[in-house]
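Below is one structure, written out as structure tokens; the observations come after it.
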Amino acid sequence: MSDQGRPPKIRIENVSYSYDGKLALRNVTLDIPARAITVLFGPAGGGKTTLLRLINRLNDLIEGTQMSGRVLLDGEDIYAPGTDLVELRRRVGMVFALPLPLPGTVRENVLYGPKLAGVRDRTRLDEILYRSLQQAALWDEVKDRLDDPASTLSGGQQQRLCIARSLALEPEVLLLDEPTSGLDPISTGKVEESLFNLKRNYTIVIVPHSIQQAARVADVAAFMLMGELVECGPGSALFVRPRDRRTEDYITGRFG
Amino acid sequence: MEQMRRPRLGEFVIESLVKVAGLSSIGFVVLIFFFLLREGVPVFFEVELTNLFSTRWYPTFGLFGTLPLILGSALVTLSAIAIALPLGVVTAVFVREVAPHWAREILKPMIEVLAGIPSVVLGFFGMTLLAPVVRRMLGMPTGLTALTGALILAYMSLPTIISVAEDALDAVPKSYRDAGLALGATQWQTIWRVVVPAARSGIVTAVMLGMGRAIGETMAVMMVTGNAARMPLTLDSLFRPVRTMTATIAAEMGEVAEGSVHYHALFGIGIILFVITFILNLTAAATIFKKRRRGGLR
């Protein structure tokens, strides 16, 4: 929380969002600090994933949606006309719930983004490969298998490969949507460990797959319920002394 | 206990019917294959191999060179695929990935209707409309050329290729598109470098099915290729008449004496065609299998 007091990396301002007239987000306002882990948690259908996907405009292609409000990245509205989507998505990386290696080898997977971005230099690509896999805590396990098909890795390795793939683009923000939902506890531990290392350099927003995970990783935690942001605060405080009754009920397992 | 073990009569009858139906279809295929062999294999003993694989097909004079026919089929089929493959895949990408929703709803059924046009109608269309255009454009004495055949065949295999390739693209999970976009790929990069490779084996299947339709097609090809059994060896062969294996069988079968050398030779062509198609299918299956193990997806 060293960055407290500085302007937020991402500011979500009065955002409402609906799919085919069904409201998914209701006037959400949230500041996401730089170089920290922000956790969006709450029961299913609360709008966590929707909010996450608004930060890199991945919902743009869905037909029949409506949005109001603003999303600011470093103070600039990413929904302003003329925003370069490709550039935005290079700055804001995303990792999905299911590990999804693309067709091809481990190396090809990690270097997908940089190659699309036009990096051709061999040594530069090798550097990116090494750095990304190191950061995702995967290098030691795959350094002899770089040219194996990505699909031959275990589930936990595949998910860290997906994280490495996002990191290869050197994004400023990393969005993770239940990145450990399909993983066993040991792999989950490794993914969380890599997140702790990453937050020194990156702004991380994560939808955790359990309250326990939320409590373990959160610097800032935001509780979302039925499209509303109920409560937001430092993780250390929110999980111990929630201010809102609904948050307390959810954390203590009275509903959810 | 006894009750449970004794199958009911209805069950037994239905099960037997299904079994008979399944086995008989296998049986028919085997029988056809043996018939083909029985009628065709004698030619390999009656006619010398040097004659059989020579360059002249004049059955009346005892010349049974199948090479011009094999090459004729190869030329027409490969040209047809060269035209239909890029066109078909690009159309499939357009229909599935680019066209707006309402356009897709109209295009899909229209493409499927195209597949139902009888080949003789296409042949007629090729003869009366396409051939004159080809003749005028090339300045040749005739419009009935290998190119005309290739164009008609390409047109015939397009619906199959588009339809199957579109289904393959449709089966690629939305999450792949998300992953591509999230890596900072443009929509086109996502389509060409993520979605299409992920649908690769389905697209290969589409092309193989289209090719299967093209190489086995008889009627339309016979009507538009001119049917001259000449070796298509020169560069301009594409713009001259050729004759395919299928057209030869269809055209001559009606007038040969049963059991004659010529009769056996026609079945011999059938065997050659069968072997070629078999190898093609096998290669395709092997390619798909290898790709899948190498980390392709489906």
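The values are calculated or read from the model by the stated rules, or taken from the named source; none is laboratory data. Fair warning: this is a prediction, and the values are worked out from it, not measured in the lab. All Cβ positions, even for glycine, are placed from backbone atoms using ideal geometry, and neighbour counts span all protein chains on display.
Any idea how many residues of region A:233-252 are touching a helix residue (DSSP H, G or I) at 6+ places or on another chain (Cβ under 8 Å) and surrounded by fewer than 20 Cβ atoms within 10 Å (Cβ to Cβ)? Steps first, please.
Quick first cut of region A:233-252, residues touching a helix residue (DSSP H, G or I) at 6+ places or on another chain (Cβ under 8 Å) only: A:235, A:238-239, A:242, A:247, A:250-251.
Imposing the further condition that a residue be surrounded by fewer than 20 Cβ atoms within 10 Å (Cβ to Cβ) reduces the set to A:251.
Selection size over region A:233-252: 1.
In region A:92-105, what residues are more than 8 Å from chain B (Cβ to nearest Cβ), more than 11 Å from A:S166 (Cβ to Cβ) and in contact with a strand residue (DSSP E or B) (Cβ under 8 Å, 6 or more places away or on another chain)?
Across region A:92-105, the qualifying residue is only A:A97.
Could you tell me which numbered condition B:I117 fails, if it satisfies all but one of (1) in contact with a Leu (Cβ under 9 Å, 6 or more places away or on another chain); (2) in the same structural domain as B:I271 (by TED's automatic domain parsing); (3) β-branched (V, I, T)?
Status for B:I117: all satisfied but (1).
How many residues, within region A:113-127, are more than 19 Å from the chain's Cα centre (by Cα) and within 13 Å of chain B (Cβ to nearest Cβ)?
Start the filter on region A:113-127 by keeping residues that are more than 19 Å from the chain's Cα centre (by Cα), which leaves A:114-127.
Remaining after also requiring within 13 Å of chain B (Cβ to nearest Cβ): A:114-119.
Count: 6.
Cβ-Cβ below 8 Å, separation at least six or inter-chain, first residue in region B:163-175 and more than 13 Å from chain A (Cβ to nearest Cβ), second among the basic types (K, R) and part of a helix (DSSP H, G or I): which pairs?
Listed pairs, sorted by first residue: B:S163/B:K108; B:E166/B:R96; B:E166/B:K108; B:L169/B:R96; B:D170/B:R96.
For region B:199-298, which fully contained helices (runs of 4 or more DSSP H) count at least 3 residues that are at pLDDT below 85? Steps first, answer last, please.
Working: elements: B:200-216, B:219-224, B:245-252, B:261-293.
The helices (runs of 4 or more DSSP H) meeting that bar are B:200-216, B:261-293.
Take A:V142 and tell me if it is over 22 Å from A:A44 (Cβ atoms) and within 12 Å of chain B (Cβ to nearest Cβ). Lay out the reasoning, then the answer.
Working: over 22 Å from A:A44 (Cβ atoms): yes; within 12 Å of chain B (Cβ to nearest Cβ): no.
The answer is no for A:V142.
Could you go through region A:159-169 and let me know if any residue there is out of contact with any strand residue (DSSP E or B) (no Cβ under 9 Å at 6 or more places or on another chain), assigned to a loop (DSSP other than H, G, I, E, B) and away from chain B (no Cβ under 14 Å).
no
For the structure I just gave you, tell me whether A:E172 is touching a Leu at 6+ places or on another chain (Cβ under 9 Å) and either crowded, with 16+ Cβ neighbours inside 10 Å or without any contact (Cβ under 8 Å) to a residue 12 or more places away in the chain (or both). Break it down into steps so the answer makes sense when it comes.
Numbers: touching a Leu at 6+ places or on another chain (Cβ under 9 Å): yes; either crowded, with 16+ Cβ neighbours inside 10 Å or without any contact (Cβ under 8 Å) to a residue 12 or more places away in the chain (or both): yes.
Spelling it out, A:E172 is indeed touching a Leu at 6+ places or on another chain (Cβ under 9 Å) and either crowded, with 16+ Cβ neighbours inside 10 Å or without any contact (Cβ under 8 Å) to a residue 12 or more places away in the chain (or both).
In region B:176-225, what count of residues is obtained for those that are facing chain A (nearest Cβ under 8 Å) and farther than 28 Å from A:L116 by Cα?
Total satisfying the criteria: 0.
Considering only region A:18-49, how many residues are free of Cβ contacts under 8 Å to residues at least 60 places away in the same chain and within 14 Å of chain B (Cβ to nearest Cβ)?
Result for region A:18-49: 1.
Which ones in region A:60-83 are within 14 Å of chain B (Cβ to nearest Cβ), free of Cβ contacts under 8 Å to residues at least 12 places away in the same chain and under 20 Å from the mean Cα position of the chain (by Cα)?
Answer for region A:60-83, where residues must be within 14 Å of chain B (Cβ to nearest Cβ), free of Cβ contacts under 8 Å to residues at least 12 places away in the same chain and under 20 Å from the mean Cα position of the chain (by Cα): just A:L61.
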